[in-house]
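A short write-up of the structure that comes next.
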Amino acid sequence: MNLMERMEKKTSEKPLEKTPDNKFKQSEESKNDNVIFRSEQQNLKSGKNEYAEIIDETHKEVAAMLAKIDNVSSSDVETLINDYISENHPEIGRMDKAYIVKSVQNEITGLGPLEELISDSTVSEIMVNGPNQVYVERKGKLVLSDVKFQDEEHVRRIIDRIVTPLGRRIDDSNPMVDARLKDGSRVNAIIPPLALCGSTITIRKFSDTPLTIENLMGFGSLSPEMAGFLEAGVRGKLNILVSGGTGSGKTTLLNVLSAFIPHDERIVTIEDAAELKLMQDHVVSLESRPANLEGTGAITIRDLVKNALRMRPDRIVVGEVRGGETLDMLQAMNTGHDGSLTTAHANSARDALARIETMVMMSGMELPVTAIRQQCAGALDLIVQQARLRDGSRKITSICEITGMEGDIITTQEIFRYVVDGLDSNNKFTGHFESTGVVPQCCDKVKSNGVEINNSWFFRE
C-alpha cells in the first residue's frame, strides 16, 4: 500500500480532530517535537542549508498530496510528512528528521520560519528585512536571530498566507499592506521595488492575555497614583489622547485603559487592523478596508468614525488618528460622546496638540487655526504621553490636562511626570514618578459622573 492509499485509509477510518475554532489540533508527539525543533534550530545552522532541498522537496510533494484530500487535521499532516521522509530519505536520523518534519509542517499550516518566533513568548516584535535577515525585539532591545528564508519567493509566500484570508492583497500595483494575525498581532508588509533589501515584514506581537494596569505598574511604567487617576478618568468619561513614538506602547496602554469602561456601555472600536482586545460584552469592532483591484471600494477610518456616530455608541475608541478623521473624532467628543479614547504619534503633549491641528487641516475643511484649537480645547481632557527609553523600558512620562484657551493658545497643565535620575550598573534608567501638586480641573467632571477622586494622588510626598 503506497503513501497516498495509507493516508486515505487513515482519514476514512477515524474522524478528524479539530478544535472548536476550526484550527488544527496539535498532537502530543508534535508538542514533544517542539523541544527538539528549537534545539535543532540552535545546533543545525549548517544543517539548515544541508536540509533545505529536502525540506523544499517534502513541502511540494506533501502539499500536492494534501490538495487531493479534504478535511485534514494537523496530526494527519504530520503523519504524511513523517511517512514521506521515511520512504524517500531513510538515512536521516531521528533528531534531524524531527527538525525537517517541524519545518515542513510550519510551511504548510503556519508561517514557515516565523512560526517559532511567533510562539516564543519572549519576542515582542519580529522584523524581516529580506530573506536573509530577521531581527526580533526582546525586552525592548533588537537582536539578530538565526532565522532565514530560502529566497525572496519564500518571503512573498508567507506574506500572501497572512493577507489573503483577510481579503487583502499585495502586488506590484499595491506594494504595501497592513494586516493582522489570528491572535491579533499587527502585521505590516512592503515589497520591492519599494523595499530595496527585499520583501519586508514587521509583526507587532500581542499577548494572548491582555495586560492589566497591575502589569504596567509591575513593569514600572507608571505609579499607583497615576493608575488610580487614569482609572477614575476613564470611568468618569474624560476624553483621553494617548500620544507617543513608534513602539512606545500606545496601543497596549489604550487597551489597558479601555478595560476601565463600564460593562453596561456600548463601545465602538475603529482600527486599520483590529488589535484591541476589549473584555466588555457590548463591543462593536470596525476595521477599515483598502481599495479593490479596480481602485474602488476603500473604506477609511474617517468613514467609519462618521458611521459610528449613527450606531448609538456610549464610547468611541479609535486605534489611531492620522488624518482627516481627527476632525470627526474631535466633533464626536464635543457632541455628547464623552469618554472616547484614541492615540496619535507625537513626542510630547504640546507636539500632540500641534499634530492634531495639522491632521484636522488634512480633512479638507478650511477652518481657521483658532477654530481648530477651540475644538481641541473643548474636546480633549487629558493627554497621556508614552515613551520607550533607550534601555528598552516603556514609561508614561507625562499626564497633562487641557485647561482651555488663553487668546489663541491652548493651555495645559502637567499633573504627573517621570523624572530620570540616571543609569544603574546595568545601564538601565533609574528614576521616579512624581505629581506636580496640581489638582486637575477635570476632577469636577469625573465627580459629576459619579466617580470618586482621591486628592492625595496629586500631592507631592
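The values are calculated or read from the model by the stated rules, or taken from the named source; none is laboratory data. The structure presented is a predicted model; accordingly, all values stated were derived computationally and were not measured. Please note: Cβ atoms are built from the backbone with ideal geometry, for glycine as well, and neighbour counts cover all protein chains shown.
Sub-6 Å Cβ pairs linking a first residue in segment 341-353 that is in the same structural domain as Thr269 (by TED's automatic domain parsing) to a second residue that is among the charged types (D, E, K, R) and surrounded by 22 or more Cβ atoms within 10 Å (Cβ to Cβ), at least 6 apart or interchain, are Thr343/Lys250, ordered by first then second residue.
Can you pull out the residues in segment 398-423 that are within 18 Å of Leu253 (Cα to Cα) and of a type in the set (Gly, Ala, Ser)? Ser398 - this is the single residue of segment 398-423 that is within 18 Å of Leu253 (Cα to Cα) and of a type in the set (Gly, Ala, Ser).
Screening Met95 with (1) more than 24 Å from His154 (Cα to Cα); (2) hydrophobic (A, V, I, L, M, F, W, C); (3) assigned to a loop (DSSP other than H, G, I, E, B) gives one miss only, at (3). Scanning segment 309-366 for residues that are among the hydroxyl-bearing types (Ser, Thr, Tyr) and more than 20 Å from Asp272 (Cβ to Cβ) turns up Thr335, Ser348. Restricting segment 119-134 to residues that are within 19 Å of Thr252 (Cα to Cα) and small (Gly, Ala, Ser), the residue that is surrounded by the fewest Cβ atoms within 10 Å (Cβ to Cβ) is Ser121. For segment 318-326, indicate whether the set of residues that are on the phi > 0 side of the Ramachandran plot, assigned by TED's automatic domain parsing to the domain that holds Ile409 and surrounded by fewer than 23 Cβ atoms within 10 Å (Cβ to Cβ) is non-empty. Looking through segment 318-326, none of the residues is on the phi > 0 side of the Ramachandran plot, assigned by TED's automatic domain parsing to the domain that holds Ile409 and surrounded by fewer than 23 Cβ atoms within 10 Å (Cβ to Cβ).
Report yes if Ile299 is among the β-branched types (Val, Ile, Thr) and surrounded by fewer than 22 Cβ atoms within 10 Å (Cβ to Cβ), otherwise no.
Values: among the β-branched types (Val, Ile, Thr): yes; surrounded by fewer than 22 Cβ atoms within 10 Å (Cβ to Cβ): yes.
The answer is yes for Ile299.
Return the residues of segment 89-121 that are within 19 Å of the chain's Cα centre (by Cα), over 14 Å from Phe149 (Cα atoms) and not small (Gly, Ala, Ser); say none if nothing qualifies. Selection gives Ile118, Asp120. Of the listed requirements (1) over 17 Å from Thr343 (Cα atoms); (2) part of a loop (DSSP other than H, G, I, E, B); (3) not charged (D, E, K, R), Ala232 misses just one: (2).
Within segment 135-156, restricting attention to residues that are touching a Leu at 6+ places or on another chain (Cβ under 8 Å) and buried (at least 19 other Cβ atoms within 10 Å of the Cβ), which residue is nearest to Asp183 (Cα to Cα)? The selected residue is Val136.
In the set Pro131, Pro113, which member is of a type outside the set (S, T, N, Q), modelled with pLDDT of 85 or more and part of a helix (DSSP H, G or I)?
Step by step, each of Pro131, Pro113 is checked, and only Pro113 is of a type outside the set (S, T, N, Q), modelled with pLDDT of 85 or more and part of a helix (DSSP H, G or I).
Scanning segment 336-369 for residues that are out of contact with any Leu (no Cβ under 8 Å at 6 or more places or on another chain), among the polar types (S, T, N, Q) and closer than 16 Å to Ile316 by Cβ returns a single hit, Ser340. Are any residues in segment 414-453 loosely packed, with under 13 Cβ neighbours inside 10 Å and closer than 23 Å to Asn239 by Cα, and if so, which ones? Hits for segment 414-453 are Gly437, Asp444, Ser448, Gly450, Glu452.
So, in segment 251-297, of the ones that are among the small types (Gly, Ala, Ser) and assigned to a loop (DSSP other than H, G, I, E, B), which residue ends up farthest from Val318 (Cα to Cα)?
First, pick out the residues of segment 251-297 that are among the small types (Gly, Ala, Ser): 258-259, 273-274, 285, 288, 291, 295, 297.
Next cut, assigned to a loop (DSSP other than H, G, I, E, B) only: 259, 273-274, 288, 291, 295, 297.
Numbers: Ala259: 15, Ala273: 11, Ala274: 10, Ser288: 11, Ala291: 21, Gly295: 25, Gly297: 21 Å.
Only one residue tops the list, namely Gly295.
Applying a threshold of 6 Å to beta carbon distances and a minimum spacing of six or more residues, or different chains, the list of pairs starting in segment 72-92 at a residue that is of a type in the set (D, E, K, R) and ending at one that is surrounded by fewer than 18 Cβ atoms within 10 Å (Cβ to Cβ) and part of a helix (DSSP H, G or I) reads Asp83/Leu3. Only one of the listed residues (Ser340, Ser398) is surrounded by fewer than 23 Cβ atoms within 10 Å (Cβ to Cβ) and at pLDDT 90 or above. That residue is Ser398.
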